[in-house]
1. Within region 284-297, restricting attention to residues that are under 24 Å from Val240 (Cα atoms) and assigned to a helix (DSSP H, G or I), which residue is farthest from the chain's Cα centre (by Cα)?
2. Return the residue satisfying two criteria in turn: it lies in region 75-132 and is of a type in the set (Ser, Thr, Tyr) and in contact (Cβ under 8 Å) with a residue 60 or more places away in the chain, and of such residues it is nearest to Val24 (Cα to Cα).
3. Every residue in region 141-167 that is within 15 Å of the chain's Cα centre (by Cα) and either among the aliphatic types (A, V, I, L, M) or farther than 23 Å from Gly283 by Cα (or both), please.
4. Leu79 passes all but one of (1) in contact with a helix residue (DSSP H, G or I) (Cβ under 7 Å, 6 or more places away or on another chain); (2) loosely packed, with under 14 Cβ neighbours inside 10 Å; (3) of a type in the set (A, V, I, L, M); which number fails?
5. Could you tell me which of the residues Thr65, Thr97, Thr104 is assigned by TED's automatic domain parsing to the domain that holds Glu7 and crowded, with 18+ Cβ neighbours inside 10 Å?
6. State which residue pairs qualify: first residue surrounded by fewer than 19 Cβ atoms within 10 Å (Cβ to Cβ) and inside region 138-159, second residue of a type in the set (Phe, Trp, Tyr) and at pLDDT below 95 in any location, beta carbons under 7 Å apart, and separation of 6 or more residues or different chains.
7. Listed residues Ile152, Ile187, Ile136; which is at pLDDT below 90, of a type in the set (A, V, I, L, M), part of a helix (DSSP H, G or I) and farther than 22 Å from Val259 by Cα?
8. Could you list, in sequence order, all residues of region 96-127 that are of a type in the set (Phe, Trp, Tyr) and in contact with an Asp or Glu (Cβ under 6 Å, 6 or more places away or on another chain)?
Amino acid sequence: MLLFGVEGQTRFYSNDQVLHTEIVRTLRDWTWMPETSPSDARLPYVLPAVLLVLLGVNEILALKTVSLICLLALTHRVLLDQENKGLVQQLQTIFITGCGFIGTFFSLLGLRETMMMLLAYSFITRTSPMVRASSILFLALLRPHLAAALLIAEVLVTVLAWTKTPRRFGYAFPPLLMLAGTVIGSILFSVGRGGLRQAHVNLRIDVGIEQIRQIASNFVGLQFLTTGESNINFSIQSLVLLRGIFSETILIPLFFVVVVLLAGSHLERQHQSVLLAFTIYVGVSANTDFNSFRQNIPFMPLMGIVVLHFFNIAKERESHLRSRRRTRKTLLIVPRGT
């Protein structure tokens, strides 16, 4: 605000801040156009801000307040689920789930990313039908293809569990799941753009190297290397520097891919849902002009909990091995007659 002014700050990083501010003012003044669709209004995000504005809070500050509250709620939920007791463990959890530098950055902007992080996490991890239903409904209003990816993945994983398919493929199961997800995502994009006939036509077209590069870049957080220059607002040097500051954008998806590939058919149902939903989502976004790490932010907490799960298993195994070694040493030192 000091650099750009009260209004100028809304143009920093993303012009979506300008859009959200205009929507809040429109709703505040009761001048909304009837023909505007609910998904364009992004109501789950802007309505709480409107309530704050009616209480006298500045529109831009109200939006940022909603973003911050969503981050705090997500961080609180993640730490409760992981049951971290020490400060170091909590900081590690916050970092690997995207609640640290990435989450803090987006909590300072009038953008809907932190709310989508919270809603996606709630849909996958919570057991309450009411919470899950409301989460997917709000996501559908904020980013429809994200909601579609999560919902389709949940249905398909349920079918796979019922048919016991994962056991049949072993370590080939995660790659096959990733391949299936990207294909489903591409079909979903084609259906959304041109209907079932267009999707049928696209199925006959071989996937090119360029599309494979775009999809693969999402698994290492380097989407800007495969996106056209016309769609990038920053220089390559600036983007590389940003990746250094926000290293989670590379580390989280990279760790996620490594652990799911090593897990093979031992992936739990929740982990399968995250992997399949992400690949479906990537299959959609890779076909658009908006393929960036920002598009994948809602999946960072979900990827993080998968990584933490397998890290914790590795620690438990290491602790168990150490305990067995100590027991053996003790038995060797103690005389037989004792």
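The values are calculated or read from the model by the stated rules, or taken from the named source; none is laboratory data. Note that the structure is a prediction, hence the values are computed from the model and not measured. Note that we place each Cβ from the backbone using ideal geometry, even for glycine, and neighbour counts take in every protein chain shown.
1. Keep residues of region 284-297 that are under 24 Å from Val240 (Cα atoms), which gives 285-297.
With the extra rule that they be assigned to a helix (DSSP H, G or I), the set shrinks to 285, 293-297.
Values: Ser285: 13, Phe293: 10, Arg294: 9, Gln295: 8, Asn296: 5, Ile297: 4 Å.
Going through the qualifying residues, I end up with Ser285.
2. Within region 75-132, the first condition is being of a type in the set (Ser, Thr, Tyr), and the residues that meet it are 75, 93, 97, 104, 107, 114, 121-122, 125, 127-128.
With in contact (Cβ under 8 Å) with a residue 60 or more places away in the chain added as a condition, the list becomes 93, 97, 121, 125.
Numbers: Thr93: 34, Thr97: 30, Tyr121: 26, Thr125: 31 Å.
Selected residue: Tyr121.
3. Once the filter is applied, which keeps residues that are within 15 Å of the chain's Cα centre (by Cα) and either among the aliphatic types (A, V, I, L, M) or farther than 23 Å from Gly283 by Cα (or both), region 141-167 yields Leu142, Leu146, Ala147, Ala148, Ala149, Leu150, Leu151, Ala153.
4. Leu79 satisfies all of (1) in contact with a helix residue (DSSP H, G or I) (Cβ under 7 Å, 6 or more places away or on another chain); (2) loosely packed, with under 14 Cβ neighbours inside 10 Å; (3) of a type in the set (A, V, I, L, M) except (2).
5. Values: Thr65 fails: crowded, with 18+ Cβ neighbours inside 10 Å; Thr104 fails: crowded, with 18+ Cβ neighbours inside 10 Å.
Just one listed residue meets the conditions, Thr97.
6. Final answer for the pair search is none.
7. Working: Ile152 fails: at pLDDT below 90; Ile136 fails: at pLDDT below 90.
The unique qualifying residue is Ile187.
8. Step one: filter region 96-127 for residues of a type in the set (Phe, Trp, Tyr), giving 101, 105-106, 121, 123.
Selection gives Phe106 alone.
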